[in-house]
2 protein chains.
Amino acid sequence: MTTANNAPTPRIYTAALAIIGNEILSGRTQDANLAHLAKTLNSWGVELREARVVPDIEGEIVDAVNALRARYDYVFTTGGIGPTHDDITADSIAKAFGVPLVEHSDALAILEAHYPPGELTVVRRRMARVPEGGELIENPISKAPGFKVGNVFVLAGIPAIMRAQLEGARQFIEGGRSVLSKTVSVEVGESRIADLLETAEKRHAGIDMGSYPFFRRGSFGTALVLRGRDPAVLEAAYADLCAALTAAGIEIHPGEFQD
Amino acid sequence: MTTANNAPTPRIYTAALAIIGNEILSGRTQDANLAHLAKTLNSWGVELREARVVPDIEGEIVDAVNALRARYDYVFTTGGIGPTHDDITADSIAKAFGVPLVEHSDALAILEAHYPPGELTVVRRRMARVPEGGELIENPISKAPGFKVGNVFVLAGIPAIMRAQLEGARQFIEGGRSVLSKTVSVEVGESRIADLLETAEKRHAGIDMGSYPFFRRGSFGTALVLRGRDPAVLEAAYADLCAALTAAGIEIHPGEFQD
């Protein structure tokens, strides 16, 4: 990646995630898709800006998806696309777009090829239903496709399937420059480095500096994470921050502490 | 708990969570507070209905908190209450309520008692700031208090501190009946039990039946989770579902599979 100092500001592509499922909100299941989506999208040059966890209630899904798709370049949903009566994501997305839910011939063909003769029951055929005008998102690993309607990408909740479908969604995603990050860790609490960090951030436009406290071996430490799109600016900011920490008598450890 | 069949429907208490932090949205940090909050609130008779992950941007926090506090009995926020410049939750909550952010004398006293003489710096004093009219949430384990303004409870992001502050919030929370759950697992995919599950759910008003597929030892299985507030109705629904599964020739395993 090269950097032109006087180039116009590149476009930033944004995304949001709607995690659909009572099992997340009840605490039964720990979401494992948000972090994977965030990192994958960033590698494609798209920034995850918001996430919502919504229950298996049609009106809630419709409202969340409509709010998010108006605001971000891309919206991803996870969960609720299986064959049972509580899988209402496809119905809800169709409602959100005001289109009927129809059987997709390619999705049906995939299911027909997948199940032994006679085993594609009415219930399983439910999984071939896609909002009218929707496109299938192929799943290069297992069979079950997700689908795309407008800027909304509908994926499974099971992490292994979600990840495969996300790979299939790649072809539809246009991104910009990825956010790059560098981390330096210190064995002092946040309040020791607060002023220094704020001052360093002000010296480097385009770089966000975040501080993340942690407990380790019974005492506080802080990870300082620098994030920005321009690698040269990021390197300069990192070097400057490390120099400022050292000048303040604080020992620095490149990267995150590994426990 | 006793059950009166003709009693009026008890009030349901609801809550939402706003997870504040760029580090969650970047995928750097995995949220560990949602599931704990959901389970704890449920044990207090409050149902977590929605969660949002919002970035460290004041306008975003204000909008999310105002949307959620108008809609749910209680709103919890996690993250962004430390001493550094990117900790903007207290400022944002004050903006959301349209009140000034002021130094809370009790919070200041806690900090003064905590730090050695001369070490309560300007930066650390930031942590004593609370929206006007706010009440401190005591932290029975470590020192740092959270605070409460109206129906909004502002807690730390670090799980150990968040959990202690949540205990301190207990006194402000009025709840109803907890949601109880029972689980039965089967070694067949969701589509095999979809019809049977939907039929069983229709026979038992007040019970939600969810199905959660999983991979285990190379094949699909499904956990069937029944949830409801009336223990007698829940037991009857569970017994009925188990009988229906057995009658369909499907082996049942009480509870979740443990791997």
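Can you find a residue that is among the aliphatic types (A, V, I, L, M), more than 14 Å from chain A (Cβ to nearest Cβ) and touching a residue at least 60 places away in the same chain (Cβ under 8 Å) anywhere in segment B:76-93? Scanning segment B:76-93, I find at least one residue that is among the aliphatic types (A, V, I, L, M), more than 14 Å from chain A (Cβ to nearest Cβ) and touching a residue at least 60 places away in the same chain (Cβ under 8 Å), so the answer is yes. Take A:Met127 and decide whether it is within 13 Å of chain B (Cβ to nearest Cβ) and modelled with pLDDT of 95 or more. No: the conditions fail for A:Met127. Given the condition of a type in the set (Gly, Ala, Ser), crowded, with 19+ Cβ neighbours inside 10 Å and out of contact with any strand residue (DSSP E or B) (no Cβ under 6 Å at 6 or more places or on another chain), answer yes or no: does some residue in segment A:49-63 qualify? Scanning segment A:49-63 turns up no residue that is of a type in the set (Gly, Ala, Ser), crowded, with 19+ Cβ neighbours inside 10 Å and out of contact with any strand residue (DSSP E or B) (no Cβ under 6 Å at 6 or more places or on another chain). Select, from A:Val152, A:Val130, A:Val99, A:Val186, the only residue that is among the hydrophobic types (A, V, I, L, M, F, W, C) and in the same structural domain as A:Tyr212 (by TED's automatic domain parsing). Unique residue meeting the criteria: A:Val186. At least 2 residues being surrounded by fewer than 20 Cβ atoms within 10 Å (Cβ to Cβ) is the threshold, and among the strands (runs of 3 or more DSSP E) wholly inside segment A:125-243 those reaching it are A:135-137, A:180-186, A:208-216, A:219-228. Within segment A:11-36, residues that are facing chain B (nearest Cβ under 7 Å) reach partners that are of a type in the set (Lys, Arg) and not in a loop (DSSP other than H, G, I, E, B) with beta carbons closer than 6 Å, at six or more positions or on different chains, in the pairs A:Gly27/B:Lys39.
The values are calculated or read from the model by the stated rules, or taken from the named source; none is laboratory data. These figures come from a predicted structure and were not determined experimentally. Don't worry about glycine lacking a Cβ; one is built from the backbone with ideal geometry, like all the others, and counts go over all protein chains shown.
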